[in-house]
Amino acid sequence: MLLFITWRVPALQDTTEVFFHWMVFTLAWSFGFGLSTLERRARESTQRAINVEVSASQQTMAAIAAERARIARELHDVVAHSVSVMVVQAGAAREMVDDDTDYVRSALESIRTTGTGALTELRRVLEVLRADGEPGALTPQPGADGLGALVEDASRGGLAVVLVVEGRPHTLPAGLDLAIYRIVQEALTNVRRHASATRARVLLSYADDHVAVEVRDDGVGMAPSSLVDGHGLIGMRERTDLYGGHLETQSDGGFTVRAVLPMASP
């Protein structure tokens, strides 16, 4: 339209007028094209942000589901081991029922205690989903008494790790005992993978009503988001929440994970 008017109206055919009109046209077109490009890029950027958020949410949910399934499998093994112990004790008491009533009385009390603990763990198993088709472990799950071996194994990988135990050690419920071991195991794994640390300290602290475990390293520190893909913090938090405890993390000249778990079942 501008070209038609310019060439049909004599007054507008002056070189200055033609240059002015086409400059205005070029500026207007460039401004419109720029706005269109900015709008398109904004839509694309928004869509990418949505896609990233959805993907991160899906990865987090998948990690939570996988960790809950793992916890369910392990607690199933704890319950199965407890029941096996009860069967053995019942068989021994049966053989001694006529010869040693004190032994039988002690065995029955042990069966009652073990059975109560097994029922508590069974209720927890029912709270999480278990993946079908995966065989359970045939050996007892590790606990706090296995932290020494875990620390030694981590030290052989080039990381100087020390274990410090405070307070009077208690006999812990099997599931809680396993949770402490797994939290330390996962924390040390994250130290080796992410922290670029040379030293780490594992602190196991016993109190009358709770037990706390802390893993601190001298590395560069880690953002909690960097641990999601490895299921690190998710797994530790799931185990802590399962027993009514709380998990704290701190990144300050290193990285610290501290979990406090009550002795009594929630």
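Worth a mention:
- Contact map, the range 70-95: first residue within 20 Å of Ala179 (Cα to Cα), second residue loosely packed, with under 14 Cβ neighbours inside 10 Å and acidic (Asp, Glu), Cβ cut-off under 8 Å, separation 6 or more or different chains; pairs are Arg73/Glu134.
- Number of residues in the range 57-93 that are open to solvent by 40 Å² or more (accessible area, probe 1.4 Å) and not hydroxyl-bearing (Ser, Thr, Tyr) equals 19.
- Residues located in the range 193-211, provided they are of a type in the set (Lys, Arg) and either open to solvent by less than 30 Å² (accessible area, probe 1.4 Å) or within 16 Å of the chain's Cα centre (by Cα) (or both): Arg193
- Screening Arg130, Arg124 for residues that are at pLDDT below 75, of a type in the set (D, E, K, R), surrounded by 12 or more Cβ atoms within 10 Å (Cβ to Cβ) and not in a helix (DSSP H, G or I) leaves exactly one candidate, Arg130.
- Of the residues in the range 94-101, none is open to solvent by 50 Å² or more (accessible area, probe 1.4 Å), at pLDDT 80 or above and either hydroxyl-bearing (Ser, Thr, Tyr) or in contact with a strand residue (DSSP E or B) (Cβ under 9 Å, 6 or more places away or on another chain) (or both).
- Candidate set: the range 153-192, residues that are of a type in the set (Asp, Glu) and over 23 Å from Gln250 (Cβ atoms); chosen: the one surrounded by the most Cβ atoms within 10 Å (Cβ to Cβ): Asp177
The values are calculated or read from the model by the stated rules, or taken from the named source; none is laboratory data. None of the values given here were measured: they were computed from a predicted structure. Neighbour counts are summed over all protein chains in view; Cβ atoms, including those assigned to glycine, are modelled from backbone coordinates with ideal geometry. These area figures cover heavy atoms from the full protein model, side chains too; ligands, DNA and RNA do not enter into them. Shrake-Rupley method; radii C 1.70, N 1.55, O 1.52, S 1.80 Å.
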